[in-house]
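Accompanying notes for the structure given below.
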Amino acid sequence: MEEGGSGRKHKQSHIGSALEGYVEYKKSQTSKTLQALEKRKRHEEEFLVEKCVDQVDAMVELTDEEKSYTLDVFESETHRKIFIATKNPNVRLMWLK
């Protein structure tokens with residue numbers, strides 16, 4: 001009889017180990033998913049309309065009318081990315097005009 005009892009304990013030990021392994025795996029996957037989401041959020045924040053508009057507002061070379069036009073330009077994520085990626089202020093200005 002004891003043989004059956006120790007066999008059951010051994011089987012339960014394997015199940016417990018498997019469950020612990022699965023829980024650790026899920027924790028790791030959740031952590032990786034959260035990191036990816038945080039990275040994506042940071043990337044998206046880099047190209048926020050607000051950030052682009054703030055930079056345009058600081059450009060004294062643009063008239064208020066030209067600044068208002070940029071609001072339409074920045075509706076496109078691609079345009080926001082181009083604007084932010086362009087580091088030369090003169091090129092930015094030419095691109096906006």
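Quick note: the coordinates plus some simple rules give every number you see, no bench work behind them. Everything numeric here is computed off the predicted structure, so don't read it as measured data. Here the Cβ is made from the backbone with ideal geometry for all residues, glycine too, and neighbour counts use every protein chain on show.
Each of the peptides 86-93, 11-18 was scored by the mean count of other Cβ atoms within 10 Å over its residues; in descending order, highest first, they stand as 86-93, 11-18. A straight Cα-to-Cα reach below 28 Å connects Lys11 with the lysines Lys26, Lys27, residues fewer than 8 places away in its own chain not being considered.
Going down the list Lys39/Lys67; Lys51/Lys97; Lys41/Lys87, which pairs span over 24 Å between their C-alpha atoms? As for pairs spanning more than 24 Å Cα to Cα, those are Lys39/Lys67. Working note: 222 nm ellipticity from helices only, DSSP H runs with n ≥ 4, each -39,500 (n - 2.57), summed and divided by the residues of the chain, gives -28000 deg cm²/dmol to the nearest 500. Using the alpha-carbon positions of the range 15-97, Rg (one decimal) and Dmax (whole number) come out as 21.2, 71 Å.
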